[in-house]
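Below: the structure, in structure tokens.
The values are calculated or read from the model by the stated rules, or taken from the named source; none is laboratory data. On a predicted model such as this, the values are computed, not experimentally measured, just so you know. Here the Cβ is made from the backbone with ideal geometry for all residues, glycine too, and neighbour counts use every protein chain on show. Note: areas computed on protein heavy atoms with side chains; ligands, DNA, RNA excluded. Shrake-Rupley method; radii C 1.70, N 1.55, O 1.52, S 1.80 Å.
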Amino acid sequence: MSTDDLSSTTKEAHRTITPRRVSFDWQTTPLHWIPDEPTATHVINVLHLLLPAGERWFVKVFKEGLPLVDDPELLKDVKGFMGQEATHSVQHGHVLDHLAAQRLETADYTKYVDFLFEKLLGETPPLGAPIPTQEWLRLRLSVIAAIEQFTAVLGNWVLHAEALDHAHCDEVMLDLLRWHGAEEVEHRSVAFDMYQHCGGRGPSRYARRIAGMTVTAPVMLYLWAWGAAYLIRHDPQLAGRLRYSLAEHNRAVRKGLLPTWRELGAAIPRYLRRSYHPSQEGSLRKAVDYLATSPAARAAAGAIGRSATA
């Protein structure tokens with residue numbers, strides 16, 4: 001990540017968060033959409049396993065928090081964020097259908113992801129834990145803010161990952177990833193601002209932010225490694241000839257097909273600084289530029305324009 005990418009500040013002009021009702025045609029997308037790179041393909045494919053349930057959960061938790069938002073501008077941003085996240089969930093869900101059509105079933109993995117978000121992190125604490133309702137909401141908002149730190153980093157990475165272009169990736173999948181990544185950079189501050197607004201006052205708010213990241217980082221790492229191993233093991237085209245390994249993962253990193261461990265790891269201490277704000281994260285200019293050229297985003301904008309003039 002370049003110095004310029006980290007130079008954005010809270011002085012940046014406020015940008016309206018608007019859902020884009022995109023769609024993608026998966027009929028010609030191959031199972032290994034990065035040619036001859038099954039490990040890199042499936043490490044990125046873990047997004048499709050986690051995001052449908054995860055982003056539905058974001059929307060549910062934010063709905064619970066809406067009555068606590070008394071700042072009109074933040075309320076508008078939160079509603080825009082919810083619209084974008086709902087669209088992300090739907091579009092990544094369609095990719096799961098595409099994987100199933102290619103004989104790569106994912107239900108044995110995603111049932112655990114559904115359990116995590118719907119039961120363990122649901123509206124009531126698990127196992128009847130005696131956590132007050134407002135505190136449980138604040139804890140879950142802190143987890144969402146921490147997750148959004150990583151999605152902003154990943155979004156910024158995919159927007160700059162020229163190696164994916166050089167590898168002749170499937171254009172539809174690359175557009176999905178970059179459209180999504182651009183929107184993650186575009187709304188990178190909203191979950192953090194929502195937590196700060198609803199997370200109480202004093203030292204407990206910062207302590208809870210630390211706790212949110214302390215839980216989120218290792219759980220995401222575990223789910224990602226497990227998901228990559230699952231996809232590679234069940235890939236019908238590999239037929240058991242390959243297993244997920246750090247050696248293969250790191251080979252893909254060296255080729256620029258996956259983000260570096262340093263890029264991901266450095267996001268944690270940045271987030272833990274008391275003075276941190278996510279407007280410092282990524283390149284909004286790069287995100288906005290991509291959204292102006294994305295085939296799916298342009299088609300969605302065109303459809304809105306045609307309906308408005310009909």
Checklist outcome for this item: The residue that is most open to solvent (accessible area, probe 1.4 Å), considering only those in segment 246-261 that are in contact (Cβ under 8 Å) with a residue 40 or more places away in the chain and on the phi < 0 side of the Ramachandran plot, is K255
Next on the checklist: Just the residues that are within 14 Å of the chain's Cα centre (by Cα), aliphatic (A, V, I, L, M) and closer than 30 Å to A239 by Cβ, please, taken from segment 175-228.
Outcome noted: L176, L177, M220, L221, L223
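Conditions (1) assigned to a helix (DSSP H, G or I); (2) touching a residue at least 40 places away in the same chain (Cβ under 8 Å); (3) open to solvent by less than 10 Å² (accessible area, probe 1.4 Å); (4) of a type outside the set (F, W, Y), marked per residue:
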| position | (1), (2), (3), (4) |
| --- | --- |
| G93 | yes, yes, no, yes |
| T110 | yes, yes, no, yes |
| D114 | yes, yes, no, yes |
| T124 | no, no, no, yes |
| I144 | yes, yes, yes, yes |
| I147 | yes, yes, no, yes |
| V153 | yes, yes, yes, yes |
Next on the checklist: Within segment 17-26, does at least one residue satisfy the condition of being touching a helix residue (DSSP H, G or I) at 6+ places or on another chain (Cβ under 8 Å), buried (at least 16 other Cβ atoms within 10 Å of the Cβ), at pLDDT 95 or above and hydroxyl-bearing (S, T, Y)?
Outcome noted: no
Checklist entry - For R233, all conditions in the list (1) of a type in the set (D, E, K, R); (2) surrounded by fewer than 20 Cβ atoms within 10 Å (Cβ to Cβ); (3) in contact (Cβ under 8 Å) with a residue 12 or more places away in the chain hold save one; what is the number of the exception? => result (3)
Item to check | Single residue of segment 213-247 satisfying the filter (in a helix (DSSP H, G or I) and polar (S, T, N, Q)) that is farthest from P35 (Cα to Cα) | outcome: T214
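One residue is enough: does segment 275-287 have a residue meeting the conditions under 21 Å from the mean Cα position of the chain (by Cα), open to solvent by 30 Å² or more (accessible area, probe 1.4 Å) and more than 18 Å from R178 (Cα to Cα)? Break it down stepwise before answering.
Filtering segment 275-287 for residues under 21 Å from the mean Cα position of the chain (by Cα) gives 276-287.
Subsequent filtering for residues that are open to solvent by 30 Å² or more (accessible area, probe 1.4 Å) retains 277, 280, 285-286.
Going one step further and asking which of them are more than 18 Å from R178 (Cα to Cα), we end up with 277, 280.
Yes, that holds for at least one residue.
Could you grab me the full set of residues in segment 159-174 that are open to solvent by less than 10 Å² (accessible area, probe 1.4 Å) and either part of a helix (DSSP H, G or I) or of a type in the set (D, E) (or both)?
Residues of segment 159-174 open to solvent by less than 10 Å² (accessible area, probe 1.4 Å): 161, 164, 173.
Across segment 159-174, the qualifying residues are L164, M173.
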Checklist entry - Taking segment 32-77, which residues are in a loop (DSSP other than H, G, I, E, B), more than 17 Å from Q91 (Cα to Cα) and either in contact (Cβ under 8 Å) with a residue 24 or more places away in the chain or open to solvent by less than 60 Å² (accessible area, probe 1.4 Å) (or both)? => result H32, I34, P35, E37, V69, D71
Checklist entry - Of the conditions (1) among the hydrophobic types (A, V, I, L, M, F, W, C); (2) within 27 Å of A300 (Cβ to Cβ); (3) in contact with an Asp or Glu (Cβ under 9 Å, 6 or more places away or on another chain), I144 fails just one. Which one is it? => result (3)
Checklist entry - Among the residues of segment 229-267, how many are under 16 Å from the mean Cα position of the chain (by Cα) and among the aliphatic types (A, V, I, L, M)? => result 3
Checklist entry - Which one of these does R103 not meet: (1) surrounded by fewer than 17 Cβ atoms within 10 Å (Cβ to Cβ); (2) within 19 Å of V22 (Cβ to Cβ)? => result (2)
Next on the checklist: Return the residues of segment 237-278 that are charged (D, E, K, R), at pLDDT 95 or above and more than 24 Å from A145 (Cβ to Cβ); say none if nothing qualifies.
Outcome noted: R243, E248, R251, R254, K255
